[in-house]
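First, the structure itself, so that you have it in front of you.
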Amino acid sequence: NHRPLAVQNMSLAYTSTGSWNETGMANPEFDAVMTEALSIADADKRRELAAKLGTILQDEGYIINPYSRSLFQHHKENVIGFLRHPANEHHHYKWSLA
């Protein structure tokens with residue numbers, strides 16, 4: 001999905017009233033921190049709260065992150081129109097060679 005902020009996804013998936021809350025999580029502390037995080041425009045300040053939210057999720061056992069992976073896409077400089085898509089889609093019809 002193309003939600004640019006981590007707190008947007010977490011709000012949908014883990015708040016008590018989240019429309020994607022398939023875990024059944026209902027944590028008043030998480031909801032309060034999320035409400036605060038969603039009200040902050042400054043990315044650095046919001047990042048601190050997002051880290052706290054992630055810690056709550058892991059400590060309470062709602063999510064288990066076994067690893068994080070880095071994704072890379074390599075191409076030659078003469079490939080035109082090649083852009084990294086947020087969902088890792090490949091739009092070959094947009095590519096050409098210089």
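Quick note: the coordinates plus some simple rules give every number you see, no bench work behind them. Bear in mind that the values here come from a model prediction, so they are computed numbers and not experimental data. No Cβ is skipped: glycine too gets one built from the backbone with ideal geometry, and neighbour counts run over all protein chains shown.
Taking a temperature of 20 °C and a viscosity of 1.002 mPa s, what whole-number D in µm²/s does Stokes-Einstein yield for the chain with Rh from Kirkwood over alpha carbon pairs?
134
Pick out, in residue order, every one of the GluC sites (Glu not before Pro) in the range 25-98 that is DSSP loop and has at most 15 other C-beta atoms within 10 Å; say none if there are none.
Of the GluC sites (Glu not before Pro), the ones in loops of the range 25-98 whose Cβ has at most 15 other Cβ atoms within 10 Å are E77, E89.
Follow-up question, since we're still on this one. Based on DSSP H runs of at least 4 residues, each adding -39500 (n - 2.57), what is the mean residue ellipticity at 222 nm of the chain after dividing by all its residues, to the nearest 500 deg cm²/dmol?
On the way: 3 runs with 38 residues, N = 98.
Roughly -12000 deg cm²/dmol at 222 nm, from the helical runs in the chain.
Next question. What are the equivalent ellipsoid semi-axes of the range 6-60, built from the alpha-carbon gyration tensor (square roots of five times its eigenvalues), in whole angstrom, biggest first? Can you show the working numbers first?
Details: eigenvalues 63, 27, 16 Å².
In descending order the semi-axes read 18, 12, 9 Å.
Residue by residue through the range 14-21, which ³J(HN,Hα) values in whole Hz follow from phi under the Karplus form 6.51 cos²θ - 1.76 cosθ + 1.60 (θ = phi - 60°), with glycine and proline marked x?
Those phi angles translate into 10, 6, 4, 9, x, 5, 9, 6 Hz.
Please identify every one of the chymotrypsin sites (Phe, Trp or Tyr not before Pro) in the chain that sits in a loop by DSSP and has no more than 10 other beta carbons within 10 Å of its own beta carbon.
Filter output for the chain: Y67, F72.
By a straight-distance test (C-alpha under 27 Å), which lysines pair with K94 as possible cross-link partners, with residues fewer than eight away in the same chain excluded?
K76
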